[in-house]
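Taking it in order: structure first as structure tokens, then the write-up.
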Amino acid sequence: MNESTSSRKIVHVDMDAFYASVEQCDDPTLLGWPVIVAWRGRRSVVCAASYEARRFGVRSAMPAVRAEYLCPEAVFVPPDFTRYKAVSRAVRKIFERHTELIEPLSLDEAYLDVTTNKTNLPTATQVAKTIRHQIHEELQLTASAGVAPNKFLAKIASDWRKPDGLFVIQPQDVSAFLTPLEVARIPGVGKITENRLKQMGITTVGDLQDLELEALQTQFGRYGLRLYELARGIDNNPVIANRRSKSISAEDTFERDLLLSETEDLIRRLSENIWKSFLKDGRPARTVVLKLKTSEFATLTRSHTRATPPQSCDELTSIALSLRNRVETGTDQRHRLVGVGLTNFQDEEEAPSLLFE
């Protein structure tokens, strides 16, 4: 365990089936029922599923028609993101009673550094228990939490006893906890990396610990160092409060596949939504991005970077529409999705990031 992080106390809080739980809380007649947050239709995907629906195999990002097939008795509820954001802000207010070091990952999860806490609770475990209790008492929702010496371990811990659970990894227990885990539990180890590791005879974190740093760097480049450190419970990344998004984007999946020439109205509507978010954000962004997904699920992105940011919604829309001319597909090619985004904020020192990853 790295000495520089062993004294940290990190809590990762993850709301349980957040969107679906909010719907059940707002409408008690939904309690106990399999709830799927999604629009009905063959083009729709599942935004969230209650634990009752998950028992049938329903998962987020699954096509809605597949979810309906798996769970024909499910109650479909259209998503209400305005409501979810409001509840997320209420959860954030609870966090702020305990610490200012809060790093949101999404509407339903965040890291908290409670190495010192505002309520003078004696342990990070007690902070996590108190936060979970306050969420339940004030919002009638449940949250799972993980407590650990760093972000990597805290995130794994929060998933350990879901739903409505709490799991603590003490510094002295890190090695014993990590050794038997499957390597797929390590962030960034997807199917491809997992298969490459299996080909090397590596299936557990304990197996990974036996590899030298040089061997991992030879196989995985810069990520080899990250694998080496995480296998040993080392994660020096601090909780970054008020982390600002590197991009603003919006996209829409069509009810039916469209020709490129038929996407103008949708691009205009998405550009208007992006412009409203851009004005709220307040940071100048110099790069406009257009994303398209073909009927065959191929993703195409085109971008344009200007010396100065767009000065109006009309200018943003004009740039987004002009990017269609750089899409080199046949005139009969159809598309299932379009997206518009802004990135390359002027207050960022790093290079522009790609949207829609």
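Quick notes on this structure:
- All positions within the stretch 262-280 that are touching a residue at least 40 places away in the same chain (Cβ under 8 Å) and either more than 11 Å from L316 (Cβ to Cβ) or charged (D, E, K, R) (or both): T263, E264, L266, R268, E272
- Counted as qualifying within the stretch 243-357 are the strands (runs of 3 or more DSSP E) with 1 or more residues that are in contact with a strand residue (DSSP E or B) (Cβ under 6 Å, 6 or more places away or on another chain), modelled with pLDDT under 85 and under 28 Å from P63 (Cα atoms), namely 247-259.
- Members of the stretch 211-228 found to be surrounded by fewer than 16 Cβ atoms within 10 Å (Cβ to Cβ) and either of a type in the set (G, A, S) or in the same structural domain as F152 (by TED's automatic domain parsing) (or both), listed by number: A215, G221
- Screening the candidates T115, T99 for the property of being assigned to a loop (DSSP other than H, G, I, E, B), at pLDDT 95 or above and surrounded by 19 or more Cβ atoms within 10 Å (Cβ to Cβ) yields one hit, T99.
- Any hit, the stretch 125-139, residues being in a loop (DSSP other than H, G, I, E, B), within 23 Å of the chain's Cα centre (by Cα) and on the phi < 0 side of the Ramachandran plot: no
- Any hit, the stretch 192-204, residues being within 23 Å of A61 (Cβ to Cβ) and charged (D, E, K, R): yes
- Scan the stretch 302-333 for residues that are surrounded by 17 or more Cβ atoms within 10 Å (Cβ to Cβ) and either within 27 Å of the chain's Cα centre (by Cα) or at positive phi (or both) and the total you get is 4.
- Evaluation of V289 against (1) without any contact (Cβ under 8 Å) to a residue 40 or more places away in the chain; (2) touching a Gly at 6+ places or on another chain (Cβ under 7 Å) (one fails), failing number: (1)
- When residues of the stretch 237-249 are limited to those that are within 17 Å of the chain's Cα centre (by Cα) and surrounded by fewer than 16 Cβ atoms within 10 Å (Cβ to Cβ), the one farthest from E96 (Cα to Cα): K246
- Against the numbered list (1) at pLDDT 95 or above; (2) β-branched (V, I, T); (3) not in a strand (DSSP E or B), I192 comes up short only at (1).
- Residue match in the stretch 145-155 (condition: part of a helix (DSSP H, G or I), at pLDDT 95 or above and over 23 Å from the mean Cα position of the chain (by Cα)): no
- Note on the stretch 253-263: residues that are surrounded by 15 or more Cβ atoms within 10 Å (Cβ to Cβ) and over 20 Å from A38 (Cβ atoms) amount to 3.
- Breaking point among (1) among the hydrophobic types (A, V, I, L, M, F, W, C); (2) touching a helix residue (DSSP H, G or I) at 6+ places or on another chain (Cβ under 8 Å); (3) exposed (fewer than 14 other Cβ atoms within 10 Å of the Cβ), for I234: (3)
- Verdict on S88 being among the small types (G, A, S), without any contact (Cβ under 8 Å) to a residue 12 or more places away in the chain and closer than 25 Å to V147 by Cβ: no
- Single residue of L178, L166, L139, L153 found to be surrounded by 14 or more Cβ atoms within 10 Å (Cβ to Cβ), of a type in the set (A, V, I, L, M, F, W, C) and either farther than 30 Å from K93 by Cβ or without any contact (Cβ under 8 Å) to a residue 40 or more places away in the chain (or both): L178
The values are calculated or read from the model by the stated rules, or taken from the named source; none is laboratory data. Keep in mind that this is a model prediction, so the values were computed, not measured. Every residue, glycine as well, gets a Cβ built from its backbone with ideal geometry; the counts of neighbours run over all protein chains shown.
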